[in-house]
Every structure is written in structure tokens, then in C-alpha cells.
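So the structure is just underneath, and the comments pick up after that.
The values are calculated or read from the model by the stated rules, or taken from the named source; none is laboratory data. Keep in mind the model is a prediction, meaning the values are calculated, not measured. Neighbour counts run over all protein chains shown; Cβ positions are idealised from the backbone, glycine included.
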Amino acid sequence: MIDTSLFQLVCFYAFAAVTVVAALSVITLRNSVHAVLALVLTFFSTACIWMLAEAEFLAIALIVVYVGAVMVLFLFVVMMLDIDQEKIREGFVKYLPVGLVVAVVMLVEMLGLIGVRVMHAQTMGENPATAAGMSNTAWLGMALYSQYLLPFEIAALILTVGVIAAVALTLRQRTGARKQHASEQVAVRAKDRVRIIKMAAERPVETPPAAPVQESKP
């Protein structure tokens, strides 16, 4: 009989390895479309790790929102744009030392947080979803819409204001730009665009035929 904890550990290492390799492929692949597909694989592998951690809601949200919507949009934009790869490589090499320093600092901070969590692992309580006998998604929904309803509504209001502000910024007046006025197009009437004029018929003036040209003989 296969040990469940050993099987989960093997799955975790397998998903983690795929996630790291796919994440490195995002910044090393030369083809932009291949890089986007590698990012999709990174998100999917991360969602599998969250499923092992019993965070079903985060895993489903990552698949539905990012992989199913955002990354498809990114892939469409990348395929539609003509990106100059040489300039991108020049910028990547130029800022590579700074990026490595930032990556090392972030790695040290993450390892420090993991160490602190391991030190206080004994003091942490049981998973509230497991204690309540509910799934992670059900418990999160109950807590979000009962205990944290006001912060949730405030966050939704802030996001709505951000969307309205983004639309307002894109609708600013620009000189020389052509745009449609939907209200004026809907309110237009046929008699304002077409005018029928009644005119008396006139016979065309007949012109006499031209006299033939005689060729002069030498």
C-alpha cells in the first residue's frame, strides 16, 4: 500500500520542479509565444501545489482567472504585436546584474520567512476549514461574506473606482484624433442628410457636327 504522505511529498517536488523550470523558461526563451505558454505552465503547476496545500479556492481562481482569461489575452497581444527581439535582449543583458541582486535579496527574505514559519509551526492552530468540517472554498466563502463583508465591499469599491478612472483617462480629448459620437449618429434624421430637389427638364443643346479636316498635298 502506498503511503499517502510520501505520495504527496513526491507530487510536491515534481510540481515544484516543473514550476521552477517553466518560470526560468519564461525569461530565457527567445520566442515570445513560447514564453507565454511557459508562463501558463508555471501558473498551472503552482495551482497544483496549492491543491496539495488544501487551498482549492486559490488554485481554481488561478486557473480560471489567470490561465483562462489573462494569459489568453497576453498570448493574443503578443501574437498580434511585432516585437523587436534584439532591443529586448539588449535591455535584458543591461539590467541583468541589478535583476540578479534583487532576486538574491528576495530569495533570502523568502527563506527567512520560511524559517520563521517552521520555528512557530508548533504554535499554529489547526486549519480552520478542517476544524469546521468544511472545504477550503466553502469556509472561505462563509468567512468572506459574514465576518469580512465590509472589507470585501470596500475592496470591490476601490476596484470599481480604478476601472472608472482607467476608462476616464483613455477618453481624454486628443488633438487630431478621430472618434465617433454615438449619440449624434443615433439622433440623425434622414431629411437632414438627404435633400430632394425638383428641377425642370431641359433638352440638351445640339452642337453641329465638326467639318472634316482636309489634308493638304505637297
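Per-structure values
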item	result
Members of segment 117-168 that are modelled with pLDDT under 80 and over 24 Å from Ile60 (Cα atoms)	Arg117, Val118, Met119, His120, Ala121, Gln122, Thr123, Met124, Gly125
Evaluation of Trp50 against (1) closer than 27 Å to Gly99 by Cβ; (2) within 18 Å of the chain's Cα centre (by Cα) (one fails), failing number	(2)
Condition met for Val64 (assigned to a helix (DSSP H, G or I), within 28 Å of Pro128 (Cβ to Cβ), at pLDDT 85 or above and not polar (S, T, N, Q))	yes
Residue in segment 70-81 that is surrounded by fewer than 10 Cβ atoms within 10 Å (Cβ to Cβ), more than 20 Å from Ala38 (Cβ to Cβ) and at pLDDT below 75 present	no
First in segment 137-149 and under 20 Å from Ala53 (Cβ atoms) and surrounded by 12 or more Cβ atoms within 10 Å (Cβ to Cβ), second anywhere and at pLDDT 85 or above and of a type in the set (Phe, Trp, Tyr), Cβ under 6 Å, 6 or more apart	Leu144/Phe152
Filter result for Leu113 (within 29 Å of Val40 (Cα to Cα), modelled with pLDDT of 75 or more and not assigned by TED's automatic domain parsing to the domain that holds Arg30)	no
